[in-house]
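These notes are about the structure you will find just below.
The values are calculated or read from the model by the stated rules, or taken from the named source; none is laboratory data. Note that this is a predicted model, so its numbers are computed, not measured. Neighbour counts are summed over all protein chains in view; Cβ atoms, including those assigned to glycine, are modelled from backbone coordinates with ideal geometry.
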Amino acid sequence: MKCPNCGLEIPEGHMYCDSCGTEINFVPDFEPEVENQINATLSGLADELNKEERLKQERAKKRKDILNAIVSRWKLILIGVVTVALLIVCIFTFFVYSNKTSLYYLSKAERARSSGNLETAIEILEEGHKEHPSNSDIIFRLSDCYLENNEKEKAIQALTRIVDSALFEEDKIITAYEGIISIYKQGGDYDKLSELLLGTDDAILADLRSRYIPNMPVMSPSSGTFDVVNVNLKMIDGSADNIYYTVNDGDPTNGSILYQGEIVLDTEGTYDIKAVAINEMGISSAVAEGTYVIEKGAPLAPEIMEPSGEYNQNTMIVAVAEAGNTIFYTTDGSDPTEESKQYVSPITMPVGTSHYKFIAYDPDGNASEIVERDYHLIYSRLVSAEQAVNTLVATLVRLDILLDSSGKVRGIDGHYEYIYNSIIEIEGAGEYYVVVENHVFNDGTTAPTGLMYAVNTHDGTVNRLGYDSSGKYTLITISNR
C-alpha cells in the first residue's frame with residue numbers, strides 16, 4: 001500500500017508512513033463499476049421501501065374508509081330505531097290518554113297523590129274503577145290512598161270489592177283478604193278480624209284462618225252420660241294459646257275461668273261446658289261445647305290387695321275403698337251386708353283354707369259389687385310324723401295323763417300306744433298330724449280308745465281332735481282325764 005500523502009510504499013502491517021508520518025486508513029479500493037452497482041442496488045432498495053410504505057398508506061386509507069362507512073350506516077340505523085321508539089311512545093301515549101285506559105287513571109292519580117292532592121287522586125281512581133271494574137290494580141291503589149287519607153273503613157270497603165266479586169282470580173282475592181287483615185291488625189280490631197275469618201267457610205280463607213284463628217279446643221272425653229263420679233275432663237287445642245271455659249253459663253271470654261288442668265266432675269248433675277282458645281292478639285277460636293250428665297251409680301267395689309292363692313308365710317289381707325265408703329266382710333260363705341263384720345284394719349290371714357267376701361257401702365247406703373277371695377295358708381312342715389308322736393307323748397306325760405313315756409296310766413292295766421294315722425287340714429287352723437290312741441292290755445291285745453290327737457305340722461302344737469255339729473274337724477284343748 002502507498003502513502004496517500006507522499007506516495008512512498010508502506011510496508012505491510014504499518015499504521016503510519018515511515019517517511020511523512022501520515023496515519024494510514026484501511027479503506028478498500030473500489031472499482032467504478034462496483035460502486036455503480038452498489039448505488040444501483042441501494043436505489044432499488046429505496047424504491048422498494050417507498051413502494052411498501054405507499055401500500056401501507058393505501059391499506060390504512062381503505063380501512064378508514066370502511067370504518068367511516070360502517071359508522072355512518074349504524075348512525076342511520078340508530079336514528080331509525082329512536083325515531084320508531086319515539087313514534088311508538090307517542091302512539092301509546094295518545095292511545096292511553098285518548099281512550100283513558102286503567103294506566104291512564106293510575107298515572108293521573110299518582111301525579112295527584114305525589115303533589116299532595118289525595119282527594120283528587122281518590123276521585124280519579126273511583127272514576128277509573130267505574131270504567132274498569134275488573135282491574136285490581138286500581139282498587140288496591142284506591143285502598144292505599146284511603147288509608148293514607150286516614151279513611152280506614154273506606155280502605156276496607158275498597159278491598160271488599162275484590163273479595164265479594166267473581167271477576168278476580170284467587171291470588172287477587174287472597175291479596176285483598178291479607179290487606180283487610182293487615183288493616184284490622186294495625187288498628188287492633190281483633191273482634192272484626194275474628195268475625196271476618198270465622199264468618200264464612202270460604203276455602204280461600206283456610207290458610208289465613210290457620211295463621212290467625214286458634215284451633216277450637218277439643219274436650220276429652222266427649223259429651224255423654226256417666227254413671228260414676230270423678231269424671232276427669234281434659235281440653236286440648238294443639239297450641240300454646242290460653243283456654244277459657246264456663247260451666248252452665250254463656251260463651252267464654254278471656255274473663256272466664258282459665259283452664260289450667262283437668263276439670264273434675266265429682267257431683268251428680270248436668271254440666272254444660274263451653275270452651276274457647278284465645279291467642280296473644282286476643283283472637284278467639286270457635287266455641288267448643290260439651291254436655292256431661294253425672295248420674296251417681298253404685299260405688300266402686302273394694303280393692304283387695306292380696307289375690308286368691310297359696311301362701312306359706314304370715315300375710316295381712318288389705319282392703320281399700322273409695323273415700324267415704326265403708327267395707328264389710330264375711331268368712332262363712334254368706335254374702336256380706338251392713339250387718340256383717342266391718343273392715344277397720346288389715347286382717348291376719350288364717351292358717352289353712354279360708355274364704356272371704358267383701359263389699360263397700362257409700363254414705364247413702366248404696367252397695368258395691370261383692371269381691372271374693374280364697375286363701376290357702378300352709379306353713380312349711382317343720383315337724384315329722386315321728387316327732388309329732390313323741391311330742392304328743394311328752395305332752396301327755398307333762399300333763400300327768402301318762403305316767404311315763406311307755407304309756408303307763410295310773411290304775412289301769414297295760415299301757416297306751418299312739419299311732420300316726422294321717423295328715424288333715426283344719427279350716428282356719430292349719431295342717432295337722434292325726435294320731436290315734438290304742439289301749440294295749442297285758443295279754444298283748446289291743447283296742448282303740450276312740451281318742452284322737454292333732455299335732456301341728458309346723459310348730460308341733462298338740463290338741464285333742466273332735467268334730468263340730470256339722471261334722472267338721474275341730475280342735476279341743478287337752479285337759480287331764
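Worth pointing out:
- Number of residues in the range 339-348 that are in a loop (DSSP other than H, G, I, E, B) and either under 15 Å from residue 427 (Cβ atoms) or under 51 Å from the mean Cα position of the chain (by Cα) (or both): the value is 4.
- Test: residue in the range 447-456 that is under 60 Å from the mean Cα position of the chain (by Cα) and in contact (Cβ under 8 Å) with a residue 60 or more places away in the chain: no
- Total residues in the range 311-347, condition touching a Leu at 6+ places or on another chain (Cβ under 7 Å) and either modelled with pLDDT of 95 or more or within 17 Å of residue 369 (Cβ to Cβ) (or both): 1
- Selection count, the range 196-227, where residues are surrounded by fewer than 13 Cβ atoms within 10 Å (Cβ to Cβ) and farther than 19 Å from residue 289 by Cα: 8
- Test result for residue 381, under 60 Å from the mean Cα position of the chain (by Cα) and farther than 30 Å from residue 299 by Cβ: yes
- Inside the range 391-421, residues that are farther than 16 Å from residue 462 by Cβ and hydroxyl-bearing (Ser, Thr, Tyr) make up a count of 1.
- Criterion violated by residue 19 - all others in (1) polar (S, T, N, Q); (2) surrounded by 10 or more Cβ atoms within 10 Å (Cβ to Cβ); (3) part of a helix (DSSP H, G or I); (4) modelled with pLDDT under 70 satisfied: (3)
- Condition check for residue 192: closer than 29 Å to residue 213 by Cα and part of a helix (DSSP H, G or I): yes
- Selection status of residue 306, among the acidic types (Asp, Glu), under 44 Å from the mean Cα position of the chain (by Cα) and either surrounded by 12 or more Cβ atoms within 10 Å (Cβ to Cβ) or part of a loop (DSSP other than H, G, I, E, B) (or both): yes
- Taken across the range 232-243, residues that are exposed (fewer than 13 other Cβ atoms within 10 Å of the Cβ) and either more than 21 Å from the chain's Cα centre (by Cα) or closer than 30 Å to residue 362 by Cα (or both) do occur, with at least one present.
- With respect to being loosely packed, with under 14 Cβ neighbours inside 10 Å and over 30 Å from residue 296 (Cβ atoms), residue 353 falls outside the description.
- Long-range neighbours under 8 Å by Cβ, at least six apart or interchain, first residue touching a residue at least 24 places away in the same chain (Cβ under 8 Å) within the range 407-419, second of a type in the set (Gly, Ala, Ser) and outside any strand (DSSP E or B): 415/406; 415/407; 416/407; 417/407; 418/407
- Residues in the range 383-436 that are under 30 Å from residue 354 (Cβ atoms) and part of a loop (DSSP other than H, G, I, E, B): 383, 384, 427, 428.
Here's the yes/no breakdown for (1) under 26 Å from residue 430 (Cβ atoms); (2) acidic (Asp, Glu); (3) in contact (Cβ under 8 Å) with a residue 60 or more places away in the chain; (4) surrounded by 15 or more Cβ atoms within 10 Å (Cβ to Cβ):
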{"residue": "330", "(1), (2), (3), (4)": "yes, no, no, yes"}
{"residue": "360", "(1), (2), (3), (4)": "no, no, yes, yes"}
{"residue": "368", "(1), (2), (3), (4)": "no, no, yes, yes"}
{"residue": "375", "(1), (2), (3), (4)": "yes, no, yes, yes"}
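- Qualifying residue in the range 371-379 (condition: outside any strand (DSSP E or B), of a type outside the set (S, T, N, Q) and within 30 Å of residue 305 (Cα to Cα)): yes
- Residue in the range 408-425 that is buried (at least 18 other Cβ atoms within 10 Å of the Cβ) and among the aliphatic types (A, V, I, L, M) present: no
- The single condition among (1) buried (at least 21 other Cβ atoms within 10 Å of the Cβ); (2) under 26 Å from residue 107 (Cα atoms); (3) touching a residue at least 24 places away in the same chain (Cβ under 8 Å) that residue 152 does not satisfy is (1).
- Top-ranked residue of the range 283-310 - restricted to ones that are β-branched (Val, Ile, Thr) and within 29 Å of residue 367 (Cβ to Cβ), ranked as modelled with the lowest pLDDT: 294
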